[in-house]
Amino acid sequence: MRVAQILPGAGGTFYCQNCMRDSALVRSLRQRGVDVMMIPLYLPALTDVEDLIDGTPIFFGGINVFLQQKFGLFRKTPRWVDRFFDSSWMLRFAASQEGSTSAAQLGPMTLSMLQGRNGRQRKEMDRLMAWLKDQEKPDIVHVSNSLLLGVAEEIKRTLNVPVICSLQDEDSWLDAMPEPWAGRCWDVMSEKARCLDAFVTASGWFAGQMTERMGIPRSRITVVPVGIELEGVEPASGPPDPPVIGYLSRMSEALGLGRLADAFIRLKQNPRLRDLKLHVTGGHTKEDEAFLAELRAKLRRAGVEDDVEFFDDFQGSARYDFLRSLSVMSVPVSAGEAFGTFIIEALAFGVPVVQPSVGAFPEVLNATGGGILYEPEKEDGLEEALAGLLLEPERSRELGRAGRAAVVKDYNTDAMTVKVLDVYNSVIST
């Protein structure tokens, strides 16, 4: 089986759950004899799979897409001009600015990309289709999210092969847009979704969300929980002393780091937790820098700055060492997420988690038994939930053991790959 995966590249400036999942899936598919071709869009792909994208050009380079959206001249420039803006050093510069432009500012460009050949990036679409026709024809094309449905529709028309699409947190991007852009994007996505063969998503909760918002019949969406690679993943030999709360995600106000810091400051006032530490990692973008400066000032005013450590390296063994250093982990995203890969990462190391009872978090924690939920509307809900684990170490260890057992059994890369292959084979045979 030959599979073409179409996915946005990433600058690598912050923790990318989707990049981790895609890399793990590709490795596992290759081990099963599947020929995978990964095609990056916008920016260079963030992957540690050797030789995966050697010789594969970047399509819809982020700078060219922006220029073609803003200026009619760049929709007619020759390829040698576009090639300059697609050069590695230019795209690295664009990646370093990642986060400086928000979804609220990109409504017109998002809509244009969804419109496919009718959008302002038609020249980029023609280039991708021409390149695909010159390659060995894939048996199936897997598009990484529904914001690429304009590209997916054109691929299906051009190659006449089955196309499936992953659904993953697109709502958080679109809901940040003002009207009329958000509504128009949802409408176009609903229309173009009809031509695809199947959809996959990581949780039943998010499948329900996209059924409601895009009109996709629930029977066309397969839930494939995220799986992680377990080689070298072993819990620490004992709990850290003093105890440590961890945060592993983009260091962003929107993802709850500020709420976690507030809870940490209050917990430090408990004499039994006066030695408590907070470890934070996951990287940040330029958009987050003002928030982080304010956060550090708040920690300094509260007299706890020396008890908080920010880790710059969050890849490979550094991430493993980080997770082993924790007593409990929390990423209190008040809006929830479609899954939350950081949950199963922590549980794989026997670290229990505390999450708000929103999004897919209840589904994941009920399935793994590896943590506790709190109501985000309750002012001190996060603080109480964290204290409940920090002050009851045996309960914390029990949750960690249960969570790790569930990850080893059901949330590993092999389990994810088997389910993805079932979707591929079903679509191809149909």
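Some points to look at:
- Potential lengthening of the chain between residue 126 and residue 30 amounts to 31.6 nm, from the contour at 0.36 nm per residue minus the alpha-carbon distance.
- Each label was represented as a point 7 Å from its Cα along the Cα-to-Cβ direction; for residue 223 and residue 296 these points are 4.2 nm apart.
- Long-range amide H partners of residue 200 with built H, under 5 Å: 165, 166, 167, 222
- Local net charge near residue 215, Cβ-Cβ under 11 Å (Lys/Arg +1, Asp/Glu -1): +1
- Here, P(r) means the percent of Cα pairs in each 10 Å bin from 0 to the largest distance; for region 99-191 it is 16, 46, 30, 8, 0.
- Computing Rg and Dmax of the Cα atoms in Å directly from the structure and comparing it against (i) 49.5, 170; (ii) 25.8, 91; (iii) 22.0, 68 singles out (iii).
- Distance between modelled label sites at residue 378 and residue 391, nm, 7 Å Cα→Cβ extension: 1.3 nm
- Added length on full extension, which subtracts the Cα-Cα distance from 0.36 nm per residue, residue 158 to residue 422: 92.6 nm
- Efficiency of FRET from Cβ geometry, residue 93 and residue 187, R₀ 41 Å, rounded to 0.05: 0.75
- Close amide H partners of residue 5, meaning residues 5 or more places away or on another chain with modelled amide H under 5 Å apart, are 37, 38, 39, 142.
- Simple spin-label estimate for residue 134 and residue 312 in nanometres, 7 Å along Cα-Cβ: 4.0 nm
- Counting Lys and Arg as +1 and Asp and Glu as -1 over every other residue whose Cβ lies under 14 Å from the Cβ of residue 278, the net charge comes to +1.
- The chain - mean residue ellipticity at 222 nm from DSSP helices (-39,500 (n - 2.57) per run, n ≥ 4, rounded to 500): -13500 deg cm²/dmol
- Put in order of Cβ neighbour count within 10 Å, fewest first, the listed residues 158, 285, 110, 430 become 430, 158, 285, 110.
- Local electrostatic count, residue 150, Cβ distance below 9 Å [Lys/Arg +1, Asp/Glu -1]: 0
- 14 Å cut-off, amide nitrogen to a point 7 angstrom out along residue 234 Cα→Cβ, residues in region 339-363: 349-350
- Which of 149, 106 has the fewest Cβ neighbours within 10 Å, and the rest in rising order: 106, 149
Just so you know, all these numbers are worked out from the coordinates, no wet-lab data involved. Keep in mind that what you see is a predicted model, and the values were worked out from it rather than measured. Note that we place each Cβ from the backbone using ideal geometry, even for glycine, and neighbour counts take in every protein chain shown.
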